Amino acid sequence: MVRLACSSVSFWALPASLRLSVRSASVAPVLRHSYSQDATPRNLTIAGTDYPTDTWTNVPQSILSQYGRKLHIQPDHPLSITRKLVESRFPGFRNHNTLPGVVTVDQNFDSLGFTSDHPGRSRTDTYYINKDTLLRTHTTAHEVDVFRQNSSDGWTLSADVYRRDAVDRSHYPVFHQMEGALTWDRSAFASRQACMDAIRESFDKLPKHDLVVEDPNPTFHAERNPLQDKYHSADEAEIVAAHLKRSLEDMVVAIFTAADKALIASGQSSESEKDPLKVRWVEAFFPHTSPSWEMEVWWRGDWLEVLGCGVIDQPLLIRANQLDRIGWAFGIGLERIAMLLFGIPDIRLFWSKDPRFLKQFTDAGPMKRFQPFSKHPPAPRDVAFWLPKTLKGDVVAETPASTASAPNSAGGQQTSSPRNNAVEAELAFHENDLMEIVRTIAGDSVEDVRLIDSFTHPKSNRRSLCYRIEYRSLERTLTTEEVNEMHERVCGEMVGRFGVEIR
Ligand code: PHE
């Protein structure tokens, strides 16, 4: 299966307990070198507001400088065009597109039912402004507020979201998600049955499609994908789930039909008739929905993870003072969809201010495939190092190459609740720390960072890692001197911050 930009949800789709064991198996807690001991200012000013920093602060200036670009509402930007295309499949929904990205830990995690030891909270994967405030890791952070505001039954919400993550052509620490939800107020109907009838009627009016849909599992399963039986009857959950699935199937038909058209128009001939679009529903886990699913789409030879969704957690709605509402929600990554629609090969391009990129897209008229305007040579450099010895000679592991993307703002490195554990017994080295050093130093002049070798010395028990860093600018050819200079700084930071020994 191909995982494209920033919306794969598989890691977060595991229950927290499982994720912990999956990802902590290979890591050893040791005292972490605190974040930029030298350079954390006392306050951070973000969009005109000052926030005090503390030992939790880990958001670098390079990320804050991207804050507020609002690509998803920039006219003629491919992310904005994609957003509008998705919104257009939900007529009558209210579209919230300007909510600020600084949120509380409560908004991003607690209010959504994330357990206190949920790996999503870890500092290795989430950008904290301080212990109570962070850059949202998903648009779900606004669900409770939007439900509480109760200004429409259906709504979408698009925004920039932030995650410490791998460096490659489909991952970037800032990306965009769209949340969508539709609820019905049972108390507005004469009976629960009357509400179900209304949902059924609405379902019957949804556009029909002739897509092949694989949906092998029962709507709920006691262990794997439970019904919220304290709040919902089986019939209620069934009709909400059916409405959800059909609505999202219609949406992907629209998107992928547009993508096919653009491909045909560009002369890249269509294989679509031989290999028609298919959808499959995969059971999933999110703290804020149950039952939950991921949708995967078969498009031009690969299964693509497209979105996460489910029946909204009733305690979440109750927290929002919507005691009688019942409904569904989904979250979709916009970069992934836009990359498919327009054939954009590198996620960094979305941030480009180069007119050779921006001029290719327009809100008006048919969708056109992106035409690459230049190719500059890559400049690979390797960094090989010994990890510092931990007490037991144990070593710290790499993140499995970016499962992440989705809300995984945190990996299972946290062996105890980060909230209770202010003196961070975290890792000496986490792969995302290297990713961040490289991004901070090389900015958008780095295309890919990957582990190419790893071994443990049989006698000393020390672990050696080697990463290949592919420097390459999308806009110009980098000189050997500047690449060397960046690379030396990366090596220096690795030594200074993590005590590694360069080999
Ligand atoms: N918050 C989930 C994510 O970031 C997506 C999601 C949204 C899943 C709404 C279910 C419902 O991956």
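Some points to look at:
- Scan of the range 139-165 for residues that are assigned to a loop (DSSP other than H, G, I, E, B) and touching a Lys or Arg at 6+ places or on another chain (Cβ under 8 Å), ordered by number: Ser151, Ser152
- Gly343, sole failed condition from (1) on the phi < 0 side of the Ramachandran plot; (2) more than 16 Å from the ligand (Cβ to nearest atom): (1)
- Annotation: of all residues in the range 219-230 being open to solvent by less than 60 Å² (accessible area, probe 1.4 Å) and part of a loop (DSSP other than H, G, I, E, B), the one that is farthest from Ser290 (Cα to Cα) is Thr219.
- Failed item in (1) among the small types (Gly, Ala, Ser); (2) within 16 Å of the ligand (Cβ to nearest atom); (3) without any contact (Cβ under 8 Å) to a residue 40 or more places away in the chain, with Ala198 passing the rest: (2)
Okay, residues lined up against (1) polar (S, T, N, Q); (2) within 16 Å of the ligand (Cβ to nearest atom):
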position: Ser62; (1), (2): yes, no
position: His72; (1), (2): no, yes
position: Pro100; (1), (2): no, no
position: Asn108; (1), (2): yes, yes
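- Single residue of Leu307, Leu340, Leu323 found to be in contact with a helix residue (DSSP H, G or I) (Cβ under 8 Å, 6 or more places away or on another chain) and surrounded by fewer than 20 Cβ atoms within 10 Å (Cβ to Cβ): Leu323
- Taken over the range 485-500, the criterion of being modelled with pLDDT of 95 or more and either in a strand (DSSP E or B) or of a type in the set (A, V, I, L, M, F, W, C) (or both) is satisfied by Met486, Val490, Cys491.
- Residue in the range 115-123 that is among the charged types (D, E, K, R), surrounded by fewer than 22 Cβ atoms within 10 Å (Cβ to Cβ) and at pLDDT 95 or above present: no
- Scan of the range 353-367 for residues that are modelled with pLDDT under 90 and within 26 Å of the chain's Cα centre (by Cα), ordered by number: Met367
- Filter result (of a type in the set (A, V, I, L, M, F, W, C) and either over 17 Å from the mean Cα position of the chain (by Cα) or at positive phi (or both)) within the range 316-336: Leu316, Leu317, Ile318, Ala320, Leu323, Ile326, Trp328
- Condition check for Ala364: within 24 Å of Ser88 (Cβ to Cβ) and part of a helix (DSSP H, G or I): no
- Close contacts from the range 307-321, counting a first residue that is over 15 Å from Ala241 (Cβ atoms) and a second that is more than 10 Å from the ligand (Cβ to nearest atom) and in a loop (DSSP other than H, G, I, E, B), with Cβ to Cβ under 7 Å and a gap of 6+ residues or different chains, come to Pro315/Gly113; Leu316/Gly113.
- Test result for Val279, surrounded by 20 or more Cβ atoms within 10 Å (Cβ to Cβ), under 27 Å from Asp235 (Cβ atoms) and away from the ligand (no atom under 14 Å from the Cβ): yes
- Within the range 41-63, the set of residues being in contact with a Phe, Trp or Tyr (Cβ under 9 Å, 6 or more places away or on another chain) and not in a loop (DSSP other than H, G, I, E, B) comprises Asn43, Leu44, Thr45, Ile46, Ile63.
- Tyr127 vs. criteria more than 14 Å from the ligand (Cβ to nearest atom), open to solvent by less than 10 Å² (accessible area, probe 1.4 Å) and within 30 Å of Ile469 (Cβ to Cβ): yes
- Residues in the range 457-484 that are surrounded by fewer than 20 Cβ atoms within 10 Å (Cβ to Cβ) and part of a strand (DSSP E or B): Ser464, Cys466, Arg468, Glu470.
- The lone criterion from (1) surrounded by fewer than 18 Cβ atoms within 10 Å (Cβ to Cβ); (2) within 14 Å of the ligand (Cβ to nearest atom) left unmet by Asp354 is number (2).
- Per the listing Ala181, Ala190, Ala234, Ala166, the residue uniquely open to solvent by less than 70 Å² (accessible area, probe 1.4 Å) and free of Cβ contacts under 8 Å to residues at least 40 places away in the same chain is Ala234.
- Every residue from the range 316-333 that is of a type outside the set (Lys, Arg) and in a strand (DSSP E or B): Ile326, Gly327, Trp328, Ala329, Phe330, Gly331, Ile332, Gly333
- Count of residues meeting criterion [within 16 Å of the ligand (Cβ to nearest atom), more than 16 Å from the chain's Cα centre (by Cα) and either charged (D, E, K, R) or outside any strand (DSSP E or B) (or both)] in the range 282-315: 4
The values are calculated or read from the model by the stated rules, or taken from the named source; none is laboratory data. Since the model is a prediction, treat every value here as computed from it, not as a measurement. Counting neighbours? That spans all protein chains shown, and the Cβs are built from the backbone with ideal geometry, glycine included. Quick note on the areas: whole protein, heavy atoms, side chains included, nothing else; ligands and nucleic acids left out. Shrake-Rupley method; radii C 1.70, N 1.55, O 1.52, S 1.80 Å.
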